[in-house]
Amino acid sequence: MTVLDRFRLDGQTAIVTGGNRGIGRAIAQALAEAGADIVVANRDVESGEETATEIAEETGVETLAVEVDVADEESVESMVAAVVEAFDSIDVLVNNAGIVVHEAAETMTVEEWDSVVDVNLRGAFCCSKHVGREMIESGGGTILSVSSMSALVANYPQRQVAYNASKGGVEAFTRQLASEWAEHDIRVNTVAPGYVRTDNTDQADAVDPNIDEVWSDEMLMDDIAGPEDVAPVALFLVSDASRYMTGACVVVDGGYTVR
Ligand code: NDP
């Protein structure tokens, strides 16, 4: 076996929440290129099915699109049942679905706060809980949550307390889950990206049209990342290449948090 073989996922099944676009789309593609069958799980059925079809055509793996609201436990249970029916077991879960609300703390409504925490933190819990049950039964697996450097530092100039709190929660949740599920051979880690050009960061342009320059000034690398910069790290963290890592957070931020 070569070192590159340890990155292969042949014969495995991976669920990527929010796999239809942005960072999730790139992760789904990477895991498929490594040989995993892919479940694209998100809210918008049309784009989920489109992405699943494209990935199957490009890589030759089996794919399935499943509609899910990660914040809704019943919806997550239905997703897990559909995946087990189609693929028998689940080897990899990527908790990638996430949203942000840009609003100052003093004017943010409780509903806005809840909407962010519900998707980003409750969603990671619901999916991990129900996929984890399957993994416990089948003898193990890997869970990766897409956290954020916002779990580690304050962001500027945009205001987003709920987002940062939710991602801090994902980090603490991950460490605890890694501890509780090591005995079931389930590894649980996070990847914490810095700024990545997606629909999510496009929202921040409304806050400040020069926001890219403000952000870039704080980075050591030249530019804002693309989703393809996060995907290889995600593949590493869900594959056997990271066999000895659990409860870890890998920061992919162009050096932003170093400054
Ligand atoms: P996008 O806005 O491009 O995509 C968000 C994804 O989340 C979509 O696939 C969306 O699906 C899905 N989603 C949102 N709510 C739900 C829900 N309730 N149930 C199921 N799926 C849902 O985001 P990014 O690709 O930028 O972000 C992906 C992850 O990376 C998020 O967790 C984000 O916090 C994190 N991140 C992003 C950074 C960035 O700079 N872009 C930096 C650090 C972390 P649908 O299309 O169906 O709504």
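The values are calculated or read from the model by the stated rules, or taken from the named source; none is laboratory data. Nothing here was measured: the structure is a model prediction, and the numbers come from that model. As a convention, Cβ positions derive from the backbone with ideal geometry for all residues, glycine included, and neighbour counts pool all protein chains shown. These area figures cover heavy atoms from the full protein model, side chains too; ligands, DNA and RNA do not enter into them. Shrake-Rupley method; radii C 1.70, N 1.55, O 1.52, S 1.80 Å.
Things to note:
- Taking the stretch 189-216 as the range and being free of Cβ contacts under 8 Å to residues at least 40 places away in the same chain and either touching a Cys at 6+ places or on another chain (Cβ under 8 Å) or open to solvent by 30 Å² or more (accessible area, probe 1.4 Å) (or both) as the test, the residues that pass are Arg197, Asp202, Asp205, Pro209, Asn210, Asp212, Glu213, Ser216.
- Restricting attention to the stretch 6-15, the residues that are within 12 Å of the ligand (Cβ to nearest atom) and either in a helix (DSSP H, G or I) or modelled with pLDDT under 95 (or both) total 0.
- If you check Asp205, Asp199 for being charged (D, E, K, R) and within 10 Å of the ligand (Cβ to nearest atom), only one passes: Asp199.
- Qualifying residue in the stretch 16-31 (condition: part of a strand (DSSP E or B) and closer than 25 Å to Arg197 by Cβ): yes
- Any hit, the stretch 126-147, residues being within 14 Å of the ligand (Cβ to nearest atom) and open to solvent by 30 Å² or more (accessible area, probe 1.4 Å): no
- Positions within the stretch 235-259 being in a helix (DSSP H, G or I), within 21 Å of Arg25 (Cα to Cα) and open to solvent by 40 Å² or more (accessible area, probe 1.4 Å), in sequence order: Phe236
- Matching residues in the stretch 208-234 - criterion: being part of a helix (DSSP H, G or I) and more than 14 Å from Pro193 (Cα to Cα): Ile211, Asp212, Glu213, Val214, Ser216, Asp217
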